[in-house]
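Let me begin by presenting the structure, written as structure tokens, before commenting on it.
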Amino acid sequence: MKTFDVYPLFNITPIKAEGSWLWDDQGRKYLDLYGGHAVISIGHKHPYYVDALSQQLNKISFYSNSVVIPQQEKLAHLLGELSGCSQHNLFLCNSGAEANENALKIASFVTSRKKVVAVKNSFHGRTSLAVAATDDEKIQAPINRNEKIEFVILNDLNELANAIDENTCAFIVEGIQGVGGIQLPTTEYLQFAQECCKQNGALLIIDEVQSGYGRTGKFFAHQHAAIKPDLITVAKGMGNGFPIAGVLIDNGIQAKHGMLGTTFGGNYLACAAGIAVLEIIKNENLISNAEIVGNKWINELIAMPGVKEVRGRGLMIGIEMEFPVSPLRKLLLEEHGIFTGSSSLANTIRLLPPLNITENEINIFNMAFVKAVNKQLIVK
Ligand code: PLP
């Protein structure tokens, strides 16, 4: 059997990793400024994380949600404490798409409605409702083209006011659009969205799968706008690579047995990973590091050659260049050993490094970036 070939791959085989660094099977070292799509929050192979998972593995790694798993309550408590969302309840699942799928289902259960308002240029995952609410026809199968989704332009208040109505169960929007090229909803927009949802009896879902977990200098990106969503979805940085995701659910929403469910969600190992990540974020002040080094970095990047615009907050950064970035990213990888990310915008590079990246590592990138851009400009 062979694997189903759906991914364009770099011809690189990482075999070990530590902090912000990877090593391949040829012994070459790489600076990881992408964390495999924003997943590596506390750095690769963090000793506390490795120890917590190893210890759990030596006790019990799995049982289903038919027994008491105290680690789930510990994780929920810590997440509530660190995020400031202790008034929400937590449903644990396995991936970002699954978290959004469940959030949309909850909104429909609660309101008995079917219409969803989502944002153009969004990305919410690849399962049926999540992909229907994702504005990318290329990744929707005909079975996913759900006429109950209405797309609106990000930050357009009029469109939003017209779209959210008495048939709407939810408005879903990313805390910061990631795949869409690091596009920020304005404070005014998020506050208006909250108000529109309230007035129409719809629920507000903020997808923090990429923008959450401290990356932007607050636990959640939407907290920069001081709103309180009904539902918040999390994944990526939550387990630092161990598959775990969740939906934070306003405690005014009643749970019913059988309403949601999963075999793997909230298992012992996943919880051990989730707890270790939160403890490291807390003990090492990683949210504050993301804010300080990230915002300084954004200011440095703005002044660099070939840069048209830098969007983002903390360590969620989009560099829009004056030219398509694919050759530049290739140069950074092949000549300088630096992983960066692409986006749906041809001219935008995405940077999503571990939250404990150091200024020294950032300087290594900055120097390589200037060299690569200058080479690229000469070639052009
Ligand atoms: N939501 C956002 C904002 C994402 O960026 C992603 C993945 O890139 C997802 C949802 C889907 O997450 P997953 O790939 O874990 O299903």
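The values are calculated or read from the model by the stated rules, or taken from the named source; none is laboratory data. Keep in mind that what you see is a predicted model, and the values were worked out from it rather than measured. Counting neighbours? That spans all protein chains shown, and the Cβs are built from the backbone with ideal geometry, glycine included.
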Practice task
Sort through Gly96, Gly178, Gly80, Gly84 and tell me the only one that's of a type outside the set (A, V, I, L, M), within 22 Å of Ala226 (Cβ to Cβ) and surrounded by 24 or more Cβ atoms within 10 Å (Cβ to Cβ).
Solution key: Gly178
Handout entry: Selection from the stretch 280-334 of residues that are without any contact (Cβ under 8 Å) to a residue 12 or more places away in the chain and not in a helix (DSSP H, G or I)
Key = Asn285, Ala303, Glu309
Practice task
Give just the number: which of (1) buried (at least 21 other Cβ atoms within 10 Å of the Cβ); (2) more than 21 Å from Val6 (Cα to Cα); (3) of a type in the set (Ser, Thr, Tyr) does Ser108 not satisfy?
Solution key: (1)
Handout entry: Filtered residue count, the stretch 157-212, keeping only those that are of a type in the set (A, V, I, L, M) and in contact (Cβ under 8 Å) with a residue 60 or more places away in the chain
Key = 10
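What is the residue count in the stretch 1-38 for residues that are out of contact with any Phe, Trp or Tyr (no Cβ under 8 Å at 6 or more places or on another chain) and crowded, with 21+ Cβ neighbours inside 10 Å?
3
Just to be sure, is Glu300 surrounded by fewer than 21 Cβ atoms within 10 Å (Cβ to Cβ), touching a strand residue (DSSP E or B) at 6+ places or on another chain (Cβ under 7 Å) and not assigned by TED's automatic domain parsing to the domain that holds Gly80?
Numbers: surrounded by fewer than 21 Cβ atoms within 10 Å (Cβ to Cβ): yes; touching a strand residue (DSSP E or B) at 6+ places or on another chain (Cβ under 7 Å): no; not assigned by TED's automatic domain parsing to the domain that holds Gly80: yes.
Against the criterion (surrounded by fewer than 21 Cβ atoms within 10 Å (Cβ to Cβ), touching a strand residue (DSSP E or B) at 6+ places or on another chain (Cβ under 7 Å) and not assigned by TED's automatic domain parsing to the domain that holds Gly80), Glu300 does not qualify.
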Practice task
Residues being closer than 19 Å to Ser83 by Cβ, surrounded by fewer than 19 Cβ atoms within 10 Å (Cβ to Cβ) and in contact with a helix residue (DSSP H, G or I) (Cβ under 8 Å, 6 or more places away or on another chain): count how many of those fall in the stretch 243-282.
Solution key: 3
Practice task
Exactly one condition in (1) touching a residue at least 40 places away in the same chain (Cβ under 8 Å); (2) in contact with a Lys or Arg (Cβ under 6 Å, 6 or more places away or on another chain); (3) within 17 Å of Ala193 (Cβ to Cβ); (4) surrounded by fewer than 17 Cβ atoms within 10 Å (Cβ to Cβ) is not met by Ile153; state its number.
Solution key: (1)
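Quick check: anything in the stretch 148-170 away from the ligand (no atom under 16 Å from the Cβ) and modelled with pLDDT under 95? Give the steps one after another, and end with the answer.
Step one: filter the stretch 148-170 for residues away from the ligand (no atom under 16 Å from the Cβ), giving 148, 150, 152-153, 155-169.
If we keep only those that are modelled with pLDDT under 95 as well, we get 148.
Yes, some residue in the stretch 148-170 is away from the ligand (no atom under 16 Å from the Cβ) and modelled with pLDDT under 95.
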Problem - Which numbered condition Asn144 misses (of (1) surrounded by 20 or more Cβ atoms within 10 Å (Cβ to Cβ); (2) within 16 Å of the ligand (Cβ to nearest atom); (3) of a type outside the set (Ser, Thr, Tyr)) - result: (1)
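Check the stretch 69-77 and report whether any residue there is surrounded by 12 or more Cβ atoms within 10 Å (Cβ to Cβ), more than 21 Å from Ile232 (Cα to Cα) and in contact with a Phe, Trp or Tyr (Cβ under 7 Å, 6 or more places away or on another chain). Don't jump to the end; show me each part of the working.
Filtering the stretch 69-77 down to residues surrounded by 12 or more Cβ atoms within 10 Å (Cβ to Cβ) leaves 69, 71-77.
So of that shortlist, the ones also more than 21 Å from Ile232 (Cα to Cα) come out as 69.
Now narrow it down to the ones that are in contact with a Phe, Trp or Tyr (Cβ under 7 Å, 6 or more places away or on another chain): 69.
Yes, because at least one residue in the stretch 69-77 is surrounded by 12 or more Cβ atoms within 10 Å (Cβ to Cβ), more than 21 Å from Ile232 (Cα to Cα) and in contact with a Phe, Trp or Tyr (Cβ under 7 Å, 6 or more places away or on another chain).
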Problem - Residues being surrounded by 20 or more Cβ atoms within 10 Å (Cβ to Cβ), in contact with a strand residue (DSSP E or B) (Cβ under 8 Å, 6 or more places away or on another chain) and of a type in the set (A, V, I, L, M, F, W, C) - total across the stretch 329-356 - result: 6
